[in-house]
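Heads up: the structure comes next, in structure tokens.
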Amino acid sequence: MDLNIEVARTALVVIDLQRGIVDRPAGPRSPAEVVARAGQLARALRAAGGTVVLVRVTPSPDGKDGLKPITDAPSQVGGRSLPPKTPGGELAGHSWSEFVDELKPEATDIVITKRQWGAFYGTELDLQLRRRGIDTIILCGISTNVGVESTARDAYERGYQQVFVEDAMAAGDAEDHLHTVRTVFPRIGRVRSTEDVLAALR
């Protein structure tokens, strides 16, 4: 099926391409590949007059607003381990939540800071999109099966059309990425490549 993009009603939503997350191993492609493709998409959408949303995840400095469920795996945010704590118990390293250089926010971009996996709950993402008349989102980022998937499920429940840029995403390992791409995304949107989206924007 051909991909038609009405730029004025579309936003690129980039999930968690920040220093503390892209520094970790990922699959089936490297974080560097994901960042490069996300950068291409952001530049193309800006040039076409579209909206770019940069999402990052981080708890507050004291970490007290972080989720603390009892789990079988270590506490994580955005699908990745939290930054280390100082001797006083605060989270260390403010650069952990900084966007990578290739995706520094521009004046027209929307920046969303989330405190959990998904980018909708507890943020103004839905408000910002609806006020701009946006009904379609293009999703990319890390991790496919955590931050991206959680955001995608919330977007689906809010009635957004979605395009998932498969080769501009990665997860902790290739198997997790492929499971989400094959079993979840096709049920709630369209799975496409970076080149598919760029071609539609041309």
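The values are calculated or read from the model by the stated rules, or taken from the named source; none is laboratory data. Computed from a prediction, not measured in an experiment: that's the story for all the values here. Neighbour counts are summed over all protein chains in view; Cβ atoms, including those assigned to glycine, are modelled from backbone coordinates with ideal geometry.
Each row is one residue, and each column tells you yes or no for (1) over 27 Å from Thr123 (Cα atoms); (2) in a strand (DSSP E or B); (3) of a type in the set (Lys, Arg).
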{"position": "Cys140", "(1), (2), (3)": "no, yes, no"}
{"position": "Gly147", "(1), (2), (3)": "no, no, no"}
{"position": "Val165", "(1), (2), (3)": "no, yes, no"}
{"position": "Ala168", "(1), (2), (3)": "no, yes, no"}
{"position": "Glu175", "(1), (2), (3)": "yes, no, no"}
{"position": "Val181", "(1), (2), (3)": "no, no, no"}
{"position": "Pro186", "(1), (2), (3)": "no, no, no"}
{"position": "Asp196", "(1), (2), (3)": "yes, no, no"}
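Test Ala38 against the criterion of being aliphatic (A, V, I, L, M) and more than 12 Å from the chain's Cα centre (by Cα), and give yes or no. It would help to see each step written out before you state the result.
Details: aliphatic (A, V, I, L, M): yes; more than 12 Å from the chain's Cα centre (by Cα): no.
Judged against the criteria, Ala38 is not a match.
Which condition from (1) assigned to a helix (DSSP H, G or I); (2) under 20 Å from Ala200 (Cβ atoms) is the one that Ala11 breaks?
In the conditions (1) assigned to a helix (DSSP H, G or I); (2) under 20 Å from Ala200 (Cβ atoms), Ala11 misses (1) alone.
Within the stretch 147-166, can one find any residue that is within 16 Å of the chain's Cα centre (by Cα), among the basic types (Lys, Arg) and over 22 Å from Ala47 (Cβ atoms)?
Scanning the stretch 147-166 turns up at least one residue that is within 16 Å of the chain's Cα centre (by Cα), among the basic types (Lys, Arg) and over 22 Å from Ala47 (Cβ atoms).
For the stretch 132-141, does any single residue satisfy the condition of being in contact with a Pro (Cβ under 6 Å, 6 or more places away or on another chain) and either surrounded by fewer than 23 Cβ atoms within 10 Å (Cβ to Cβ) or not small (Gly, Ala, Ser) (or both)?
As a first pass, look at the stretch 132-141 and keep what is in contact with a Pro (Cβ under 6 Å, 6 or more places away or on another chain): none.
Scanning the stretch 132-141, I find no residue that is in contact with a Pro (Cβ under 6 Å, 6 or more places away or on another chain) and either surrounded by fewer than 23 Cβ atoms within 10 Å (Cβ to Cβ) or not small (Gly, Ala, Ser) (or both), so the answer is no.
Just name the residue that is surrounded by the fewest Cβ atoms within 10 Å (Cβ to Cβ) out of those in the stretch 115-131 that are of a type in the set (Lys, Arg) and not in a loop (DSSP other than H, G, I, E, B). Walk me through it before giving the result.
Step one: list which residues in the stretch 115-131 are of a type in the set (Lys, Arg), which gives 115, 130-131.
Next cut, not in a loop (DSSP other than H, G, I, E, B) only: 130-131.
On the way: Arg130: 12, Arg131: 9.
Within the stretch 115-131, the match that is surrounded by the fewest Cβ atoms within 10 Å (Cβ to Cβ) is Arg131.
Could you grab me the full set of residues in the stretch 181-190 that are surrounded by 16 or more Cβ atoms within 10 Å (Cβ to Cβ) and of a type in the set (Val, Ile, Thr)?
If the condition is that a residue be surrounded by 16 or more Cβ atoms within 10 Å (Cβ to Cβ) and of a type in the set (Val, Ile, Thr), then Val181, Val184, Ile188 are the ones that fit.
Among (1) touching a residue at least 40 places away in the same chain (Cβ under 8 Å); (2) touching a helix residue (DSSP H, G or I) at 6+ places or on another chain (Cβ under 9 Å); (3) part of a helix (DSSP H, G or I), which single condition is Ala32 missing?
Against the list (1) touching a residue at least 40 places away in the same chain (Cβ under 8 Å); (2) touching a helix residue (DSSP H, G or I) at 6+ places or on another chain (Cβ under 9 Å); (3) part of a helix (DSSP H, G or I), Ala32 comes up short only on (1).
Identify all residues within the stretch 120-146 that are at positive phi and either within 13 Å of the chain's Cα centre (by Cα) or of a type in the set (A, V, I, L, M, F, W, C) (or both); write none if there are none. It would help to see each step written out before you state the result.
At the first step, the residues of the stretch 120-146 found to be at positive phi are 122, 133, 141.
Gly141, the sole residue that qualifies.
Residue pairs, Cβ under 7 Å, 6 or more apart or interchain, first in the stretch 36-58 and touching a residue at least 40 places away in the same chain (Cβ under 8 Å), second assigned to a helix (DSSP H, G or I) and of a type in the set (S, T, N, Q). List them.
Arg37/Thr194; Gln40/Thr194; Leu41/Thr194; Arg56/Ser97; Thr58/Ser97
Against the condition in a helix (DSSP H, G or I), at pLDDT below 95 and among the hydroxyl-bearing types (Ser, Thr, Tyr), how does Ser60 come out, does it pass?
Values: in a helix (DSSP H, G or I): no; at pLDDT below 95: yes; among the hydroxyl-bearing types (Ser, Thr, Tyr): yes.
For Ser60, the condition - in a helix (DSSP H, G or I), at pLDDT below 95 and among the hydroxyl-bearing types (Ser, Thr, Tyr) - is not met.
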